[in-house]
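*Asks:* Take this structure, written in C-alpha cells, and hold onto it; I'll ask about it next.
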Amino acid sequence: MYSFNRLLLSNLAIVLLLVFTSSPTSAQNFMTNPSGRNTNSLNGTWKVIIDWYNRGNQLKIYQDRKAKKPTEFVEYSFNQPMQVPSDWNSQDPHLFMWEGNVWYKKEFTATRKAGKRTFIYFGAANYLTEVYLNGKKLGSHEGGFTPFQFEITDALQDGTNKLIVSVNSQRKEESIPAMNYDWWNYGGITRDVSLIETPANFIEDYFIQLKKGSQNEVEAWVKVNGLDKSKKVNLSIPAAGINKVLEIDTSGYARITFKADFKLWTPETPKQYEVTLSTDEETVKESIGFRSIEVKGLDILLNGKPVFLKGVNFHEEIAKEMRRATSDADARLILQSAKDLGCNFIRTAHYPQSENLVKMAEEMGLMIWEEIPLWQGIQFGNPIILGKAEFMLREMIRRDKNRCSIIIWSISNETTPAPDRDRVLTNMAATCRSLDPTRLVSSAFNQIKMNGNTTYVNDTLARQLDVYGINRYMGWYSPWPDKPGTMTFKSELNKPMIMSEFGGEAKYGNHGNADSAGLWNEEYQEQLYKDNIQMLKNIPFLRGITPWVLYDFRSPTRLNSENQFGWNRKGLLSDKGEKKKAWYVLKAFYESLK
Ligand code: GCB
C-alpha cells in the first residue's frame, strides 16, 4: 500500500511537472507589427474593481452580472474609472503601493464580417492576466513586459461586446522577476490594447534582416496564418529596387535570400527602408533598417567596423510623475535625454520596454541591449523556471527581431554561478540563437573575484555568450582597494566586455565633499564617475559602457529616509530631469570618444 501510494504520488508529481513546465500562458502567438495592421484602439477610460482580498473569481466578476430585480443582490460593480494604458499605482492614491488583483472592464461595439478575423492584442499587462469576452474566458498570460493576443473571431457579437480583464501584480517566488527587485512594481494594463482585423489568411510574422556577417544579403522568412497555402507573398523594398514573389510551403512559411545595395543603418545615419509585404488579401508595411553586427576577437563590429558602445541604462518610468512611461511623448523624453548625453547605445533595463520606444530608438540612432526580467533571486532549481524564461525570451525576440537597432539579446542580470543556473542559462543562450542567429547574446554578471587591484572576469557562463556585461559598483558597493588608475582587469575569455552597470547615489542639490564623508552628494558622485572612467580606460577588452542610471527611479527597497525615501538616487538626472554634476563628466567622456 505504502509503495503503491508512493508510486501514485511520484506519477502525480511527474504529471504536475509536465503540466507546469509546458507553456506558462494560454495566449496565442501574437502577430508582428500590430501598428502596421487594420486596428481599432481600445485605449482610453475603462472601469475597474479593486479586488482587495482576491474574491473576484469566487464572485465571478467576469460575468459582470446585473441585478434583475430590486431584491436580488450582486456584490460587485464596475464603477471606478481607470486609464488604459497606464499603471494603477499612479491613478489612485489608495493604489500607490498596491500589489494585487484589479478587474478591468471595457465595452465596445463590433460588426462581424464574413471572411475577416478579429484578434484582441495587448502590448503588455503586469503581471498575470486573464481575459474574458462576453462572459467566456479567452485565456491568460504571464509576464509583465511582452505582448499577447487572443483570436476572438468566433466569440465576437454583433453590437455590444463586454471585455473583462483581471490583472494580478503580486510578486511570487516562482515569477520572473521574483520577489525582490530594485524597481517599482507598477501593476495594470500598461501598454496599448487594440482590436486587429485581418483577412482569413494573413501575414502573421516575418523576419527581414541581413544574414549574419553580411552587409548586402538578406535572409528573410514570412509566416502566413490561414488554410489557403496557394497564396503568394510579395516582398518589396522600393527604395532598394527589391520586388520579390515568395511561395508559401505547406507549413505556412515562405523563405527567400536576396542581395541588395543598402545604405546601412548606423547611429549617425539611422537609415530605414519601407518594406511592404502583400498578398491578394492584405498589405503590411514597416520601416526596417539594415546593418551587420558581429564579434571578432575583442571587438564588436558594426557594419564591419569596430564600435565603442556609449550607453546608459534606464527604467520605463516617468520619474517626475512616479508612473510607468506609456506614451510616445514619454519614450521621446527618455530617449532624447540619452541622446543629449551623447549615447549611441541604450540598455533597456531590466525588461523589454514598449515596442514604440524600441522603434523610436531605432529612428533616433540608438543601438539597443534588450533583456528579459530575469533579475537576481531566480529559482533556477525550480523546473518551471526554464519554461517561463524561455517563453519570455521568445516573446521578446518575436516582437523586436526586425529592429536592426537591437544588437544584443540579454538573457539575465546578476545571477549567482551554480550548476542549475548554468544549465538554465546555457539552454536559454541556445534557444536565443536558434530563434535569431543574427544578433549577439549577452548577460550581465556581478559575482566577480577581486584580488587587490586585480579583477578577474571569469564567470563560467560567459563562455556561452558572444559578449558579456559586468556590473561593478566601484566606489559605491565596492570600496577602492587603491587608486582607480592602478586597477587592472584580467580575463581569459577573449571576448568583448561591456561595463553594463556602475554608479553611485546623489540627491540633486546635495553638496559636500567629494570624499566618502560626503556620500550622497553630487560632488561624491561626480568624483566616482571620474574615478570609474579612469579605471575603465585601462580595461583592454572593454568595448562599451552603460552606467547606472539615466534618471533617479522609484524603488520600494530604498529605505534611507534622508536620502532615498523610496527612490534609487543613482540617476545622472534627478527625477525632475535636473542634471547632476556627474552628467557632465560622462558627457565629456563620450565627447572625447568621437
Ligand atoms: C544592480 C542592479 C540594478 C540596481 C542597481 C543598484 O546591480 O542590476 O537593478 O538598481 O544595482 O542601484 O543597486
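The values are calculated or read from the model by the stated rules, or taken from the named source; none is laboratory data. Note that this is a predicted model, so its numbers are computed, not measured. Backbone-built Cβ (ideal geometry, glycine too); neighbour counts: all protein chains shown. In case anyone asks, the SASA skips ligands and DNA or RNA and just uses the protein heavy atoms, side chains included. Shrake-Rupley method; radii C 1.70, N 1.55, O 1.52, S 1.80 Å.
*Asks:* S500 is checked against (1) more than 12 Å from the ligand (Cβ to nearest atom); (2) within 30 Å of P437 (Cα to Cα) and fails just one. What number does that condition carry?
*Replies:* Only one criterion in (1) more than 12 Å from the ligand (Cβ to nearest atom); (2) within 30 Å of P437 (Cα to Cα) is unmet by S500, namely (1).
*Asks:* For the list (1) of a type in the set (D, E, K, R); (2) open to solvent by 10 Å² or more (accessible area, probe 1.4 Å); (3) within 10 Å of the chain's Cα centre (by Cα), I need the number of the one condition that E371 fails.
*Replies:* Failed condition: (2).
*Asks:* Evaluate the stretch 342-363: report whether one residue or more is β-branched (V, I, T) and assigned to a loop (DSSP other than H, G, I, E, B).
*Replies:* At the first step, the residues of the stretch 342-363 found to be β-branched (V, I, T) are 346, 348, 358.
After this cut, where a residue has to be assigned to a loop (DSSP other than H, G, I, E, B) as well, the list is none.
No, the stretch 342-363 has no match at all.
*Asks:* Would you please list the contacts, defined by Cβ atoms under 6 Å and residues six or more apart or on different chains, that run from a residue in the stretch 350-371 that is within 17 Å of A124 (Cβ to Cβ) and outside the structural domain of N471 (by TED's automatic domain parsing) to a residue that is among the acidic types (D, E) and at pLDDT below 95?
*Replies:* none
*Asks:* Something else now. Please go through the stretch 426-436 and give me each residue that is of a type outside the set (G, A, S) and either within 16 Å of the ligand (Cβ to nearest atom) or over 13 Å from Q464 (Cα atoms) (or both), ordered by number. Can you show your working first?
*Replies:* Here is the first cut: in the stretch 426-436, the ones of a type outside the set (G, A, S) are 426-428, 431-433, 435-436.
Scanning the stretch 426-436 gives L435, D436.
*Asks:* OK, next. Return the residue satisfying two criteria in turn: it lies in the stretch 506-527 and is within 15 Å of the ligand (Cβ to nearest atom) and more than 11 Å from K580 (Cβ to Cβ), and of such residues it is modelled with the lowest pLDDT.
*Replies:* Here the answer is L519.
*Asks:* So for the stretch 321-330 (the condition being farther than 23 Å from S574 by Cβ, surrounded by fewer than 19 Cβ atoms within 10 Å (Cβ to Cβ) and of a type outside the set (V, I, T)), does at least one residue qualify?
*Replies:* Quick first cut of the stretch 321-330, residues farther than 23 Å from S574 by Cβ only: 328.
With surrounded by fewer than 19 Cβ atoms within 10 Å (Cβ to Cβ) added as a condition, the list becomes 328.
Still in the list and also of a type outside the set (V, I, T): 328.
Within the stretch 321-330, one or more residues are farther than 23 Å from S574 by Cβ, surrounded by fewer than 19 Cβ atoms within 10 Å (Cβ to Cβ) and of a type outside the set (V, I, T).
*Asks:* Considering N494, N471, which residue is in contact (Cβ under 8 Å) with a residue 40 or more places away in the chain and at positive phi? Spell out how you get there, then give the answer.
*Replies:* Numbers: N471 fails: at positive phi.
After applying the criteria, what remains is N494.
*Asks:* Spot the failing condition for I300; the list is (1) surrounded by fewer than 24 Cβ atoms within 10 Å (Cβ to Cβ); (2) over 22 Å from W583 (Cα atoms); (3) in contact (Cβ under 8 Å) with a residue 12 or more places away in the chain; (4) not aromatic (F, W, Y), and only one is missed.
*Replies:* For I300, the failing item is (1).
*Asks:* Just give me the residues in the stretch 132-143 being part of a strand (DSSP E or B) and within 17 Å of the chain's Cα centre (by Cα), in sequence order.
*Replies:* So the first thing to find is which residues in the stretch 132-143 are part of a strand (DSSP E or B), and the list is 132-133, 136-142.
Correct list: H141, E142.
*Asks:* Now, a different point. Would you confirm, using the coordinates I've provided, whether I288 is among the β-branched types (V, I, T), under 18 Å from N402 (Cα atoms) and out of contact with any helix residue (DSSP H, G or I) (no Cβ under 7 Å at 6 or more places or on another chain)?
*Replies:* On the way: among the β-branched types (V, I, T): yes; under 18 Å from N402 (Cα atoms): yes; out of contact with any helix residue (DSSP H, G or I) (no Cβ under 7 Å at 6 or more places or on another chain): yes.
Yes, satisfied.
*Asks:* Still on this model: Determine whether the stretch 409-418 contains at least one residue that is within 24 Å of A220 (Cα to Cα) and either surrounded by fewer than 23 Cβ atoms within 10 Å (Cβ to Cβ) or within 16 Å of the ligand (Cβ to nearest atom) (or both). Working first, answer last.
*Replies:* Of the stretch 409-418, the ones within 24 Å of A220 (Cα to Cα) are 409-410.
Going one step further and asking which of them are either surrounded by fewer than 23 Cβ atoms within 10 Å (Cβ to Cβ) or within 16 Å of the ligand (Cβ to nearest atom) (or both), we end up with 410.
Yes, the conditions are met somewhere in the stretch 409-418.
*Asks:* Check the stretch 1-22 and report whether any residue there is surrounded by 19 or more Cβ atoms within 10 Å (Cβ to Cβ) and either modelled with pLDDT of 95 or more or assigned to a loop (DSSP other than H, G, I, E, B) (or both).
*Replies:* To start, the set of residues in the stretch 1-22 that are surrounded by 19 or more Cβ atoms within 10 Å (Cβ to Cβ) comprises none.
Among the residues of the stretch 1-22, not one is surrounded by 19 or more Cβ atoms within 10 Å (Cβ to Cβ) and either modelled with pLDDT of 95 or more or assigned to a loop (DSSP other than H, G, I, E, B) (or both), which makes the answer no.
*Asks:* Another question, then. Could you tell me which residue of the stretch 50-98 is most open to solvent (accessible area, probe 1.4 Å), considering only residues that are in contact with a strand residue (DSSP E or B) (Cβ under 8 Å, 6 or more places away or on another chain) and among the hydroxyl-bearing types (S, T, Y)?
*Replies:* S77
*Asks:* Determine which member of the set N413, N451 is within 30 Å of P479 (Cα to Cα) and free of Cβ contacts under 8 Å to residues at least 24 places away in the same chain.
*Replies:* On the way: N413 fails: free of Cβ contacts under 8 Å to residues at least 24 places away in the same chain.
Step by step, each of N413, N451 is checked, and only N451 is within 30 Å of P479 (Cα to Cα) and free of Cβ contacts under 8 Å to residues at least 24 places away in the same chain.
*Asks:* Just one of L302, L333, L246 is hydrophobic (A, V, I, L, M, F, W, C), under 27 Å from the mean Cα position of the chain (by Cα) and over 30 Å from S86 (Cβ atoms); which is it? Let's see the steps before the verdict.
*Replies:* Working: L333 fails: over 30 Å from S86 (Cβ atoms); L246 fails: under 27 Å from the mean Cα position of the chain (by Cα).
So the residue among L302, L333, L246 that is hydrophobic (A, V, I, L, M, F, W, C), under 27 Å from the mean Cα position of the chain (by Cα) and over 30 Å from S86 (Cβ atoms) is L302.
*Asks:* Let me ask something additional. May I ask you to say which residue of L246, L264 is touching a residue at least 40 places away in the same chain (Cβ under 8 Å) and not assigned by TED's automatic domain parsing to the domain that holds L435? Spell out how you get there, then give the answer.
*Replies:* Values: L246 fails: touching a residue at least 40 places away in the same chain (Cβ under 8 Å).
Criteria check complete, one pass: L264.
*Asks:* Restricting to the stretch 99-116, what's the tally of residues that are open to solvent by 40 Å² or more (accessible area, probe 1.4 Å) and either touching a strand residue (DSSP E or B) at 6+ places or on another chain (Cβ under 7 Å) or among the polar types (S, T, N, Q) (or both)?
*Replies:* The total comes to 5.
*Asks:* While we're looking at this one, here's another question. List, please: which pairs have Cβ atoms under 9 Å, are six or more places apart or on different chains, and start with a residue in the stretch 570-594 that is modelled with pLDDT of 95 or more and end with one that is of a type in the set (V, I, T) and assigned to a loop (DSSP other than H, G, I, E, B)?
*Replies:* Filtered contacts from the stretch 570-594: K570/V549; G571/V549; L572/V312; L572/V549; L586/V312.
*Asks:* Let me confirm something: among D575, D552, which residue is within 21 Å of S478 (Cα to Cα) and not hydrophobic (A, V, I, L, M, F, W, C)?
*Replies:* Values: D575 fails: within 21 Å of S478 (Cα to Cα).
Only one candidate qualifies: D552.
*Asks:* Tally the residues that are part of a strand (DSSP E or B), touching a Pro at 6+ places or on another chain (Cβ under 9 Å) and of a type in the set (A, V, I, L, M), restricting the search to the stretch 365-411.
*Replies:* To start, the set of residues in the stretch 365-411 that are part of a strand (DSSP E or B) comprises 367-371, 375, 406-411.
Filter once more, keeping what is touching a Pro at 6+ places or on another chain (Cβ under 9 Å): 367, 370-371, 375.
Now restrict to residues that are of a type in the set (A, V, I, L, M): 367.
Result for the stretch 365-411: 1.
*Asks:* With the checklist (1) buried (at least 23 other Cβ atoms within 10 Å of the Cβ); (2) in contact with a Cys (Cβ under 8 Å, 6 or more places away or on another chain) in hand, flag the one item Y590 doesn't pass.
*Replies:* (1)
*Asks:* Among the residues of the stretch 433-447, which ones are free of Cβ contacts under 8 Å to residues at least 60 places away in the same chain and either open to solvent by 30 Å² or more (accessible area, probe 1.4 Å) or in contact with a helix residue (DSSP H, G or I) (Cβ under 6 Å, 6 or more places away or on another chain) (or both)?
*Replies:* Within the stretch 433-447, R433, S434, L435, V441, N446, Q447 meet the criteria.
*Asks:* Conditions first: (1) aliphatic (A, V, I, L, M); (2) in contact with a Phe, Trp or Tyr (Cβ under 8 Å, 6 or more places away or on another chain); (3) over 17 Å from I407 (Cα atoms). L210 passes all but one, so which condition is the exception?
*Replies:* (3)
*Asks:* Let me ask something else about it. Quick one: would you say K537 is buried (at least 16 other Cβ atoms within 10 Å of the Cβ) and away from the ligand (no atom under 16 Å from the Cβ)? Working first, answer last.
*Replies:* Working: buried (at least 16 other Cβ atoms within 10 Å of the Cβ): no; away from the ligand (no atom under 16 Å from the Cβ): yes.
No, not satisfied.
*Asks:* Across the stretch 462-496, what is the total count of residues that are within 16 Å of the ligand (Cβ to nearest atom) and either within 21 Å of K570 (Cβ to Cβ) or surrounded by fewer than 20 Cβ atoms within 10 Å (Cβ to Cβ) (or both)? Please lay out each step first, then the result.
*Replies:* Of the residues in the stretch 462-496, the ones within 16 Å of the ligand (Cβ to nearest atom) are 468-479.
With the extra rule that they be either within 21 Å of K570 (Cβ to Cβ) or surrounded by fewer than 20 Cβ atoms within 10 Å (Cβ to Cβ) (or both), the set shrinks to 469-479.
Count: 11.
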